1. What number of residues within the stretch 24-52 satisfy the criterion of being touching a Phe, Trp or Tyr at 6+ places or on another chain (Cβ under 7 Å) and in a loop (DSSP other than H, G, I, E, B)?
2. Listed residues A47, A30, A51; which is touching a residue at least 60 places away in the same chain (Cβ under 8 Å), under 22 Å from Y124 (Cα atoms) and exposed (fewer than 13 other Cβ atoms within 10 Å of the Cβ)?
3. Can you pull out every residue in the stretch 346-392 that is small (G, A, S) and either more than 41 Å from the chain's Cα centre (by Cα) or surrounded by 13 or more Cβ atoms within 10 Å (Cβ to Cβ) (or both)?
4. With the condition kept exactly as written, say whether any residue in the stretch 315-334 is in contact (Cβ under 8 Å) with a residue 60 or more places away in the chain, among the acidic types (D, E) and in contact with a helix residue (DSSP H, G or I) (Cβ under 6 Å, 6 or more places away or on another chain).
5. Would you mind stating whether K255 is in contact with a helix residue (DSSP H, G or I) (Cβ under 8 Å, 6 or more places away or on another chain), surrounded by fewer than 24 Cβ atoms within 10 Å (Cβ to Cβ) and not assigned by TED's automatic domain parsing to the domain that holds T400?
6. Within the stretch 282-337, can you find the residues that are surrounded by fewer than 21 Cβ atoms within 10 Å (Cβ to Cβ), under 16 Å from the mean Cα position of the chain (by Cα) and among the polar types (S, T, N, Q)?
7. Which fully enclosed helices (runs of 4 or more DSSP H) of the stretch 113-207 have 2 or more residues being in contact with a Cys (Cβ under 7 Å, 6 or more places away or on another chain) and at negative phi?
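The values are calculated or read from the model by the stated rules, or taken from the named source; none is laboratory data. All values reported here derive from a predicted model rather than from experimental measurement. All Cβ positions, glycine included, derive from the backbone under ideal geometry; neighbour counts span all protein chains shown.
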Amino acid sequence: MTESARRMIELTRQLSPLPRLLVSRGLDRAFELLQEHFPDMVVHAWASGEAREDWVAPLSWNLVRGELRHVDGGLIYSSVEHPLLVVPYSQPFSGLVSGEELAAHASTRPDRPHAFCLEHRLAYNYRLKDWRLSLPHDFLSNLPEGPFHVLIETEVEPGTLRVGELFLPGESDAVVCFSAHIDELCNDDLSGCVVGLELFRWLSGRKRKHSYQLLLFPELFGALFWAYDNRGILARTVGMLNLEALGAGERLCMKRSLSGDSDVDNALRLALREENAALNELGFFEGYGNDERVFMWPGVNVPSPALQRFPFPEYHTSDDVPDLLSPEMMDNALRVCRHFVGILEDDAVPAFTGMLPPWLTKWGLYYDQTQEKHMAGKFNNELLFSVDGVNSLAELASLTGLRFSAVKDYLDKFVQHGLMTYSPKPPTQGRRA
């Protein structure tokens, strides 16, 4: 295991046991722990009841105890052993219920019959107020008549909606943002958080052309409140990459922004292609939806692709635990992120300094059509004839199918000989679909 993977897995194991709900004491503690590891992290805060347009910061919901017992008192399930037993933001309840009533108040996942599911509707549905349990499908399928005793004890109190931020200034004030959500479970999405944190550990020691930002949200609410209060930074943000479910799952995928052709889309597409060989691409409304939906909302409009492993069968169930995470998958995601940053940092727009084509053999830049037919076709033809003073290095790599580094290394030689110049790449947001 690499040192980076070891740090990521270890931090995940420290955070995972905390009940990190939308607004909760567990999430408060998670941010305290992160600030111990990353003292430069700023934690933004909004008190319960504060409003931003249509949205109100929720109360802090904390589970004291949840139990399901037989009528004779025999314990069936407890929240101590099964933290997902009580659905987050459930109403308190204590009483005897029939099997039919229990089933009506139960959430389940038939595709994971032994597991407890993460039911999120009570936390996000404004009108839905109910008591609710999450129960294994196998148990509900063989449910006796009952009655059963249900106990749900909660403490609901004014709390604080929190968002964690790391910011690394660069030579320019143009911002590249990364985000992940710190609430919920493990692969979803502590894996994205720790990959982002490890990326920023690496970025902090590098010279940076762009400024970089990492935002750790409680999903949806955190992004909404942060975006509303930080429109000045959003105006300078050239793109946001959401990191989700990076330690387990079938395929490492790129989920496109709405346009699919912004600078950050193109850089991520190249990084995935060059690191993974195969490019698995999803549409904006495919895969797992997260805070890229806030950033791509028409009133915000920041190009926001996502990097995620999709699908992973344990999603939103009690099977999503630290032992599920693959150090190799985490490292792979980190490499893709580093490569993505490298492309954005090195991208520029090349332009010839003269009107006529350079005499390539004079400068040792010619590939012989007979002896090096493929290289001649790619470099002397496809690449050079696409250098128009508009296409950037990344766009040229996409057009030709060449690696970004191969394009840059070749054209660097033209610059060294005074045959080309580089100019900064103006940000391209792409067209909204």
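1. So in the stretch 24-52, the residues touching a Phe, Trp or Tyr at 6+ places or on another chain (Cβ under 7 Å) come out as 24, 43-44, 46, 52.
Imposing the further condition that a residue be in a loop (DSSP other than H, G, I, E, B) reduces the set to 24.
Final tally of qualifying residues: 1.
2. Values: A30 fails: exposed (fewer than 13 other Cβ atoms within 10 Å of the Cβ); A51 fails: touching a residue at least 60 places away in the same chain (Cβ under 8 Å).
Criteria check complete, one pass: A47.
3. Filtering the stretch 346-392 down to residues small (G, A, S) leaves 348, 351, 354, 364, 376-377, 386, 389, 392.
A348, A351, G354, G364, A376, G377, S386, S392, listed by residue number.
4. Restricting attention to the stretch 315-334, the residues satisfying the condition of being in contact (Cβ under 8 Å) with a residue 60 or more places away in the chain are 315-322, 324-334.
The next check asks that each one be among the acidic types (D, E); those that pass are 319-320, 328, 331.
Pick out the ones that are also in contact with a helix residue (DSSP H, G or I) (Cβ under 6 Å, 6 or more places away or on another chain) and you get 331.
Scanning the stretch 315-334, I find at least one residue that is in contact (Cβ under 8 Å) with a residue 60 or more places away in the chain, among the acidic types (D, E) and in contact with a helix residue (DSSP H, G or I) (Cβ under 6 Å, 6 or more places away or on another chain), so the answer is yes.
5. Numbers: in contact with a helix residue (DSSP H, G or I) (Cβ under 8 Å, 6 or more places away or on another chain): yes; surrounded by fewer than 24 Cβ atoms within 10 Å (Cβ to Cβ): no; not assigned by TED's automatic domain parsing to the domain that holds T400: yes.
For K255, the condition - in contact with a helix residue (DSSP H, G or I) (Cβ under 8 Å, 6 or more places away or on another chain), surrounded by fewer than 24 Cβ atoms within 10 Å (Cβ to Cβ) and not assigned by TED's automatic domain parsing to the domain that holds T400 - is not met.
6. N332
7. Numbers: elements: 121-124, 137-141, 190-203.
Qualifying helices (runs of 4 or more DSSP H): 190-203.
Residue-wise test of (1) among the small types (G, A, S); (2) in the same structural domain as E250 (by TED's automatic domain parsing); (3) not in a loop (DSSP other than H, G, I, E, B).
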site	(1), (2), (3)
V294	no, yes, yes
P303	no, yes, no
A376	yes, no, yes
F385	no, no, yes
